[in-house]
Structure formats: C-alpha cells, structure tokens
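Shown next, in structure tokens, is the structure this report addresses.
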Amino acid sequence: MTTPRLRTCITAAADAVDASRDELCRLDAGAGAGDHGVTMALAARSVRQTLAAAPDASGAELVTKLAMAMGSVGGAIGPIYASGLLAIAGALRAMPPGEPITVANVLACAEAAETAISQLGHAKPGDKTILDALDPAIVVLRQARAAGTDVDEALATAAAAARDGAASTAAMIASVGRASRLGERSRGLADPGATSFALIMDAFAASAG
C-alpha cells in the first residue's frame with residue numbers, strides 16, 4: 001500500500017469515528033463513563049493533525065507518530081491504541097524496505113497489535129474488549145493467507161469479521177476494565193472499544209480497495 005493510499009485510509013477511519021461519536025457514547029454510557037465517542041473523536045482530530053504535520057512520513061515512522069497521537073488523548077482507549085500501533089510500527093520495521101503490502105504483512109501487523117494489547121490490559125478474546133473485534137479479524141486474515149486471497153478481499157472479510165465480533169460482545173459479561181464491576185449488568189450493549197475498532201476496520205477496508 002502506497003503512503004498516499006494509507007493516508008486516505010487513515011483519514012476515512014477518522015471520519016467514520018467522528019460520524020459515530022454519539023452512538024459510541026451511548027454504548028459506553030451503559031458500562032463506562034459515557035465518553036468513548038468523545039475520546040475517539042478527539043483521537044481522530046489528533047490523527048488528522050499528525051498527518052498534516054508530517055506530510056513526508058511513511059511506513060513505521062508514520063505509524064509511530066499516529067501511536068503518539070492516539071496516546072495523547074488519554075482515557076482507557078488511548079494507551080490501548082498507542083500500544084497496538086507501536087507494535088505495528090515494529091512489525092513494519094522488520095519488513096524489507098519497499099516491500100509491497102501482502103496479506104501476510106497485514107496479518108503480521110495485526111498479530112503484533114493483538115499481542116501488545118493483550119499484554120497491556122491482560123485481556124483475552126471473550127472478555128468484552130477491543131480484542132473481540134480484533135481477534136476474529138486475525139482468524140480471517142490467517143485463512144486468507146492460506147487461501148492466497150488478495151489483499152483487498154482479505155481486508156474486506158477481516159472487516160466483516162471485526163464487525164460481527166463487535167456485535168457479539170452485546171451478549172458478553174465484561175471481565176476486565178471499568179465495565180467488569182457491573183457483572184451481569186454489563187450484558188446487553190456491545191463493547192464500545194470493539195465497536196469503534198470495527199468502524200475503523202470497515203472504513204480502512206472500504207478505502208483500501
């Protein structure tokens with residue numbers, strides 16, 4: 001994926017988060033502070049400012065700057081995205097310079113992010129967190145790599161898996177984070193972090209094609 005194309009995808013993801021601010025706040029109000037949508041909108045603004053301030057940045061350098069932008073918004077989600085993005089930057093640095101984007105490369109980045117996020121919050125799939133959207137996407141990417149699927153199709157199916165995974169969290173009881181204090185009462189609404197990640201994946205996949 002070329003840098004201009006990547007920037008287009010990132011901008012589309014920021015726009016998608018902005019458009020869903022109120023819905024994300026509604027989901028968060030059921031088990032958290034009700035500010036997830038606002039926090040993600042602030043993150044989207046910070047990401048746009050980063051893109052504008054670093055027009056020549058690409059690859060791992062750009063992703064590292066985006067990690068700092070996400071981390072700057074604070075809250076519970078800022079460090080999670082910062083950790084995941086820094087892991088992605090590390091995975092990108094390990095790839096040969098100029099190598100075209102492949103399903104295997106996307107998978108390596110996604111797996112690195114999942115490991116970093118899991119280590120940060122000690123969460124696992126099924127705990128009603130962002131991982132319940134990320135992990136299904138990784139499963140699909142592994143299948144796509146084995147099947148020789150092209151990148152655009154793999155991203156589209158991974159986004160669909162993330163969307164389904166986020167929706168499935170409505171039936172879960174939160175095991176980590178603020179929502180875990182509610183026990184059974186945390187059931188009924190989709191996890192806002194998983195939902196915002198699915199929105200980002202959807203926008204990314206739609207813009208990448």
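The values are calculated or read from the model by the stated rules, or taken from the named source; none is laboratory data. All values derive from a computational prediction rather than experimental measurement. FYI the Cβ positions are ideal-geometry reconstructions off the backbone, even for glycines, and counts take in every protein chain you see. The accessibility values were calculated without ligands, DNA or RNA, using every heavy atom of the protein model including side chains. Shrake-Rupley method; radii C 1.70, N 1.55, O 1.52, S 1.80 Å.
Out of (1) surrounded by fewer than 16 Cβ atoms within 10 Å (Cβ to Cβ); (2) within 16 Å of the chain's Cα centre (by Cα); (3) farther than 23 Å from Ala12 by Cβ; (4) among the aliphatic types (A, V, I, L, M), the odd one out for Met68 is which?
For Met68, the failing item is (3).
Restricting attention to the stretch 37-60, and to residues there that are within 16 Å of Ile88 (Cβ to Cβ) and more than 18 Å from the chain's Cα centre (by Cα), which single residue is least open to solvent (accessible area, probe 1.4 Å)?
Ala57
Which of (1) closer than 23 Å to Val151 by Cα; (2) touching a helix residue (DSSP H, G or I) at 6+ places or on another chain (Cβ under 8 Å); (3) modelled with pLDDT under 95; (4) surrounded by fewer than 18 Cβ atoms within 10 Å (Cβ to Cβ) is the odd one out, the single condition Leu6 does not satisfy?
Looking at each condition in turn, Leu6 falls short on (4).
For the stretch 89-109, which residues satisfy the criterion of being assigned to a helix (DSSP H, G or I), open to solvent by 40 Å² or more (accessible area, probe 1.4 Å) and within 23 Å of Thr50 (Cα to Cα)?
If the condition is that a residue be assigned to a helix (DSSP H, G or I), open to solvent by 40 Å² or more (accessible area, probe 1.4 Å) and within 23 Å of Thr50 (Cα to Cα), then Leu92, Arg93 are the ones that fit.
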